[in-house]
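Below is one structure, written out as structure tokens; comments come after it.
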Amino acid sequence: MLATASPHLHAAAHRLSLAAPARSARLPLRRPLRYAPLRLRASAAAEAAPSAKEGAEELGFEEMAARTTRRYYMLGGKGGVGKTSCAASLAVRFANSGHPTLVVSTDPAHSLSDSFAQDLTGGALAPVEGTDSPLFALEINPEKSREEFRTINQKNGGTGVKDFMDGMGLGILADQLGELKLGELLDTPPPGLDEAIAISKVIQFLEAPEYSMFSRIVFDTAPTGHTLRLLSLPDFLDASIGKILKLRSKIASATSAIKSVFGQEVQQQDAANKLEQLRERMVKVRELFRDTESTEFIIVTIPTVMAISESARLHSSLQKESVPVRRLIVNQVLPPSSSDCKFCAIKRKDQTRALDMIKNDPELMGLNIMQAPLVDMEIRGVPALKFLGDIVWK
Ligand SMILES: Nc1ncnc2c1ncn2[C@@H]1O[C@H](COP(=O)(O)OP(=O)(O)OP(=O)(O)O)[C@@H](O)[C@H]1O
């Protein structure tokens, strides 16, 4: 149906699907040719779907690529709106404009491998083939990342900090600890914790010398709910861990005799160190999210009332948390057509109404709005992501 609505894009999509990575695997020598037709397609689609707002130049891609110092871009929004496609296309765009780039998925349901049509799983840096400058991907394994938490928990007796304290005959203090809810946190991590630990893991990685080459880091984050919880989580953990560490030092002298009997001293110190380490990283996560110099959160949405309402709420929460947001991507906008079928005509009307809603929404109207067209194909592989990236990131 969309094929009739967008002959340019359909033709482009057809050629694009022919240029899928599977073919390049068979004919590696032909790989450079993949880029030539894509340039034509990108410009055809760019004509078909002009971007939204005046003044877009000052917040265009040039500004995003300008400085050589490291910058972080976090893409987030409602589930299924195209966060991964937009994040991956931005990463490809950066890598093709000379920035060694790292794209990280902190969404527990990873789709970077699907998006790049390459196996990037395994929780380690994986090179993405087909870009001019180096592009690496990292899918953080939430299970592995949570190991650290589990270890702390197990070292404290396997059933949580509170039980451990109970076991040490420190009932009153155990009650105080119960109030801190840290034991509960360790036993059943709340949603958003995986994301927090994943990002803190990335921060830990980024401090390592082998990561210093990356000048652009793009995060493909989990859907809105997780992101919002993530924002408040560092504060919560910082406070909770801070309190537990203070409490621990208070009881240290009182328990030294018991500890030496049960041989728990070393283990407890270990756990305390890990908690302290985690707390420090959480503080860094919080700082990173709020650093206007180096970080920007980009909201991705689609032109539907539900997605826009959620984007407005997300923007409001991000603002409350002082997270810098300047851009909104409206993905999957129907490209112009002179011959809409009935379905497309209704859909277009709906989308126009939704786009008007953005223009009049007090939360969203101040953002630089960028439109990405709905293409009649699945966006998979570097050539397809380059195609999308050249349209969106102008
Ligand atoms: N502009 C577009 N035109 C056509 N298809 C698109 C477009 N953007 C995204 N898609 C398709 O929509 C699907 C979902 O996209 P994507 O995985 O990027 O969304 P997501 O927001 O990351 O999803 P999740 O919340 O599940 O992580 C994919 O099949 C992708 O190819």
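The values are calculated or read from the model by the stated rules, or taken from the named source; none is laboratory data. Bear in mind that the values here come from a model prediction, so they are computed numbers and not experimental data. All Cβ positions, even for glycine, are placed from backbone atoms using ideal geometry, and neighbour counts span all protein chains on display. All accessible areas refer to the heavy atoms of the entire protein, side chains included, with ligands and DNA or RNA removed. Shrake-Rupley method; radii C 1.70, N 1.55, O 1.52, S 1.80 Å.
Inside the range 95-110, can you point out the residues that are closer than 29 Å to residue 67 by Cα and either surrounded by fewer than 24 Cβ atoms within 10 Å (Cβ to Cβ) or over 16 Å from the mean Cα position of the chain (by Cα) (or both)?
Result: 95, 96, 97, 98, 99, 100.
Pairs linking a residue in the range 361-387 that is free of Cβ contacts under 8 Å to residues at least 24 places away in the same chain to a residue that is away from the ligand (no atom under 15 Å from the Cβ) and open to solvent by 30 Å² or more (accessible area, probe 1.4 Å), with Cβ atoms under 8 Å and 6 or more positions apart or on different chains, are 365/359.
Among the numbered conditions (1) at pLDDT 95 or above; (2) away from the ligand (no atom under 15 Å from the Cβ), the only one that residue 319 does not meet is (1). The one condition from (1) closer than 21 Å to residue 62 by Cβ; (2) open to solvent by 40 Å² or more (accessible area, probe 1.4 Å) that residue 392 does not meet is (2).
Could you go through the range 279-297 and let me know if any residue there is more than 18 Å from residue 373 (Cα to Cα) and within 16 Å of the ligand (Cβ to nearest atom). Show your work before the answer.
Just the residues of the range 279-297 that are more than 18 Å from residue 373 (Cα to Cα), to begin with: 279-297.
Of the ones still in play, those that are also within 16 Å of the ligand (Cβ to nearest atom) are 297.
So far as the range 279-297 goes, yes, one or more of its residues are more than 18 Å from residue 373 (Cα to Cα) and within 16 Å of the ligand (Cβ to nearest atom).
If only residues of the range 354-372 that are over 23 Å from residue 296 (Cβ atoms) and in contact with a helix residue (DSSP H, G or I) (Cβ under 8 Å, 6 or more places away or on another chain) are counted, the one that is surrounded by the fewest Cβ atoms within 10 Å (Cβ to Cβ) is 357. Would it be correct to say that residue 348 is in contact with an Asp or Glu (Cβ under 7 Å, 6 or more places away or on another chain) and free of Cβ contacts under 8 Å to residues at least 40 places away in the same chain? Against the criterion (in contact with an Asp or Glu (Cβ under 7 Å, 6 or more places away or on another chain) and free of Cβ contacts under 8 Å to residues at least 40 places away in the same chain), residue 348 qualifies. The single condition among (1) more than 16 Å from the ligand (Cβ to nearest atom); (2) open to solvent by 30 Å² or more (accessible area, probe 1.4 Å); (3) at pLDDT below 80; (4) of a type in the set (S, T, N, Q) that residue 17 does not satisfy is (1). Only residues that are farther than 22 Å from residue 60 by Cβ and either assigned to a helix (DSSP H, G or I) or open to solvent by 30 Å² or more (accessible area, probe 1.4 Å) (or both) were counted across the range 312-346, and they come to 19.
Within the range 347-394, which residues are within 16 Å of the ligand (Cβ to nearest atom) and assigned to a loop (DSSP other than H, G, I, E, B)?
Passing the criteria: 374, 375, 376, 377, 378, 379, 380, 381, 393, 394.
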